[in-house]
Each structure stands twice: as structure tokens, then as C-alpha cells.
Amino acid sequence: MKKKQIAILAACLACVLLLSACASHGKTLIKAGKEEISVNVFQLYLSRMKGSLAQAGNAVTDPNYWNTYISTDHTTTADFYTSQVLEGLKHIAAAMIMYEEYGLSLSDTVEDEIDMWIEKLIESDGGGSKATLNSILAAYGANVTVLRDAAILEAKLSQLKEYLYGKSGNLIADTAIEEYYKSTYYRGYQMQIANYYYDHEKDANGVAVRYTDDTYKKVAYLSQTVIDALDEAEKAKYVTVENTGEYFEKYGVKYGDKILLYRDGSTEVVAYDKENGMIRYSLDSKGEYIVKQYTEVEMQARYERAQQIAAECVGNEAKFLQYATEVSDNSDFNSTYAPNGMYFNVGTYTTDTVFGTFSAELAKLEIGATSVLASDSGYYVLMRAELDTGAWQKDANSRWFTTLRGLTLEYMLQQKTTAYLDRVSVDEELFKTVNITTVSSNIRY
């Protein structure tokens with residue numbers, strides 16, 4: 001504990017020394033034209049990155065997380081993210097050269113708004129004391145002046161973006177967005193083979209009974225229209241029998257006078273309307289669904305089924321979608337949220353979530369390839385599909401493209417700032433004194 005306290009005090013002392021070296025703005029780390037960006041603004045940005053990683057579930061308080069080598073050239077996680085933040089700040093500095101060249105300047109109103117924001121923070125977070133707020137900001141390598149410097153920098157960047165690309169990027173044509181979409185996005189489908197199920201009524205064969213409505217009195221059979229649309233060989237597998245004798249004993253009165261069966265070799269099951277029929281779920285005393293887990297033996301069979309489906313669907317999108325409708329335990333996700341598939345931008349989901357897993361796995365696959373992933377909830381079968389033109393313009397896909405225009409804008413701006421990077425200089429010696437481990441996690445400032 002004592003060592004930990006000493007380490008924290010040492011980190012805070014380093015921040016204080018960096019600030020005191022050049023009034024309250026901090027030492028200059030980056031120069032670009034007339035713009036100077038302090039090492040403390042850099043630290044503030046590092047703390048924001050650390051905060052984002054913490055929110056994503058990364059172990060940012062564990063030294064082993066930062067000391068892990070992520071490359072054979074001995075780059076650690078700390079090295080990687082520190083360099084990423086520096087590279088981003090260099091591009092911002094390059095943008096400031098453009099800002100100067102275009103003759104842009106902030107209005108007094110914008111600067112006044114920033115000052116008012118600072119005053120509100122002093123009141124709300126510092127209890128009316130600038131010194132108190134400074135003591136809070138010191139954990140992020142900053143103080144009130146540094147926070148203002150960063151806000152001014154971001155206001156200029158925002159003004160430059162609007163100058164180049166219009167308000168909210170409205171000067172970026174659909175053709176440019178489509179080009180960015182086609183070069184950076186990928187599309188895929190999923191189906192779930194869960195390790196749990198909601199307890200429900202089953203027939204003598206262990207198959208979920210389907211009813212015509214929620215009175216659960218009449219069994220729902222596959223319609224004759226659906227059967228007639230099948231080829232002759234498949235159609236012949238459907239037979240109708242009288243509900244008497246052994247059948248009545250097995251199934252009972254709710255199946256009606258006649259029972260529609262599906263026979264395939266030694267298999268004989270009731271031909272329920274699985275698409276439209278209603279399942280009667282079991283509820284507990286509170287009216288909640290009763291959840292049950294499959295056994296190990298059952299899960300092995302389900303895993304083998306997932307592998308079989310994945311193998312059958314390689315290069316066959318239509319078959320995958322058919323299985324996703326008929327077999328998937330979360331088919332409602334596809335119909336509600338991903339009717340045309342899931343769309344991911346490279347690096348959109350870096351978090352330890354199911355979407356992060358899907359995104360990373362789909363990025364590895366060739367178009368038409370499939371994969372089976374194990375998860376806490378069972379297995380997922382994934383398939384990568386070809387991008388469809390203009391998918392981002394369809395309302396049904398809108399939830400996957402909320403950031404597309406902004407990402408396109410950022411990409412286009414980066415293409416321009418790259419040309420100015422040779423006019424950006426970094427104090428390499430000063431840079432060596434700071435990395436992401438020297439600041440606290442920041443999601444507030």
C-alpha cells in the first residue's frame with residue numbers, strides 16, 4: 001500500500017513539475033506553425049484515452065495490462081496507446097497550420113462560452129475554488145489553464161471542419177460516403193445456438209408445441225400452401241393421419257381429429273407451423289419466464305449442430321438466412337435489428353462485448369466464409385457477406401451507420417493533415433518523460 005501511495009505521489013509530482021516549468025500552460029511538446037501544444041494537453045488526451053479504455057472494460061489499473069507486449073518489436077500496450085494519442089495530436093497540430101492558412105479565428109463568443117464552461121466547472125467540481133479544481137485536474141496532468149487550452153484547440157478544429165466540409169459534414173456528397181463505406185466497412189450475419197432455453201410445453205417427441213393463438217387450445221399445423229410450394233420429394237414427407245389409437249394416446253385431444261406429420265426415414269414428428277405458431281412458455285410465481293440450461297451432452301450435440309450448419313452454409317447466404325430463421329435462438333435480433341445483416345467499420349468495436357467479438361471475427365473471414373464462436377451464452381455461427389451498395393442509406397440499417405458521415409469527415413480531414421505532418425515538430429526528449437501510465441483514467445474532462 002505504501003509503495004502504491006509513493007507511486008501516486010510521484011506521478012502527481014511529475015505533473016506539477018511539468019506544469020511549473022512554463023507558467024501554467026506547461027512545456028511545449030508539439031510545434032506547428034504558430035501553434036504550440038503543451039505536454040500537459042498531451043497528458044490530458046492520454047487520460048481521456050485511458051478513460052475510454054476503462055469504460056470498455058480494460059484492466060487499466062493493472063500494471064500487467066500496460067506492460068504486455070503486443071508486438072515482437074517489444075511494443076507494450078502502454079507504448080501503443082501513448083503513440084496513438086501522440087499521432088492524433090500531431091494531426092490536430094497539422095490542422096492548426098491549415099487553420100492559420102485559411103485565415104480562420106475564433107469569435108469572442110466562442111471563447112466566452114469556453115470561459116463560462118470553465119467557471120461552471122470551478123463552481124460544480126471545485127466548490128467555487130480554482131485551486132480545488134486544479135488539484136483534481138492534476139491527476140490528468142492538467143490544470144484549469146490546460147483544460148482551457150485543450151478546449152480552444154478543439155473549438156478551432158471544429159471550426160476548421162465546418163469551414164471545409166459544411167455544418168455536420170453536409171458538403172460531403174453521397175458518392176464520397178459510399179466510397180468510404182465500401183473501403184472500410186464489412187457485413188455479416190449471425191445466429192445463436194444458446195446454452196439455455198425458456199422452459200415451455202413440449203410434445204411426446206420433445207418438440208415445442210405450437211398453437212394457433214394464446215388460448216393454447218388448438219395446435220397450429222404447417223399450412224397446405226407452404227407444403228404445396230415444396231418439391232414433390234419433400235412434399236411426400238408430409239402425411240395426415242387420424243388422431244385415434246396410439247396417436248391419440250401419444251398426442252391427445254388438442255391435436256384435433258387429424259394430425260399432420262412429417263416423416264423422413266425413421267423420423268416422425270408433428271409438422272407444426274414453426275413460423276406463425278405460438279409456444280406456451282412456463283412462468284414462475286412472479287410471472288417471469290423459467291430459464292433452463294442444456295446439459296453437457298446436449299451442448300456437445302448443439303456444438304456439432306453449429307459446426308454442421310457452418311459447413312453447409314459456406315458460400316450460401318440464402319441457406320444461412322434460412323437456418324437463422326428456423327434454428328437460431330435469437331432470430332428476433334436479425335428481424336428487428338439486422339434485417340440486412342450487421343455492418344461494422346474497421347475498429348468500431350474494440351470493447352469486450354459480443355459486437356466487439358463479432359466485428360473482430362468477421363474481419364478475419366473472407367466473403368462467404370463462416371465461423372463458430374463459443375460464448376458464455378452458447379455458440380454463435382457467423383457468416384461474412386458481401387457489402388451491398390448504398391446500405392447506409394436504408395432506414396432498416398440506420399442503427400449501424402450513425403457515425404458514418406462523421407467517420408468519413410475525419411478520414412477526409414486526415415488525408416489533408418497528413419500532407420502537413422512534415423511541418424509538425426515534437427520534442428522527443430520531453431515525449432520520453434510521459435506515457436499513458438503516468439495519468440489517471442478520465443471520463444469527465
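The values are calculated or read from the model by the stated rules, or taken from the named source; none is laboratory data. Note that the structure is predicted; figures quoted are calculated from it, not measured. Methodologically, a virtual Cβ is constructed for each residue, glycine included, from the backbone with ideal geometry; neighbour enumeration extends over all protein chains shown. Just so you know, the surface numbers come from the protein's heavy atoms only, side chains and all, with ligands and any DNA or RNA stripped out. Shrake-Rupley method; radii C 1.70, N 1.55, O 1.52, S 1.80 Å.
Applying the condition of being surrounded by 12 or more Cβ atoms within 10 Å (Cβ to Cβ) and among the aliphatic types (A, V, I, L, M) to segment 161-183 and asking which residue is farthest from the chain's Cα centre (by Cα) yields Leu164.
Counting only strands (runs of 3 or more DSSP E) wholly contained in segment 328-406, the ones carrying 2 or more residues that are closer than 24 Å to Tyr303 by Cβ occupy 370-375, 378-385. For segment 265-274, does any single residue satisfy the condition of being within 36 Å of the chain's Cα centre (by Cα) and either within 30 Å of Ala374 (Cα to Cα) or among the acidic types (Asp, Glu) (or both)? Looking through segment 265-274, at least one residue is within 36 Å of the chain's Cα centre (by Cα) and either within 30 Å of Ala374 (Cα to Cα) or among the acidic types (Asp, Glu) (or both).
Among residues of segment 270-293 being of a type outside the set (D, E, K, R) and open to solvent by 60 Å² or more (accessible area, probe 1.4 Å), the one that is farthest from Tyr196 (Cα to Cα) is Asn276. The single condition among (1) more than 30 Å from Gly252 (Cα to Cα); (2) among the basic types (Lys, Arg); (3) in contact with a helix residue (DSSP H, G or I) (Cβ under 9 Å, 6 or more places away or on another chain) that Lys167 does not satisfy is (3). The residue of segment 239-269 that is least open to solvent (accessible area, probe 1.4 Å), among those that are farther than 24 Å from Tyr216 by Cβ and in a strand (DSSP E or B), is Val239. Could you tell me which residue of segment 305-333 is nearest to the chain's Cα centre (by Cα), considering only residues that are loosely packed, with under 15 Cβ neighbours inside 10 Å and over 12 Å from Val381 (Cβ atoms)? Ranking the qualifying residues of segment 305-333, first place goes to Asp332.
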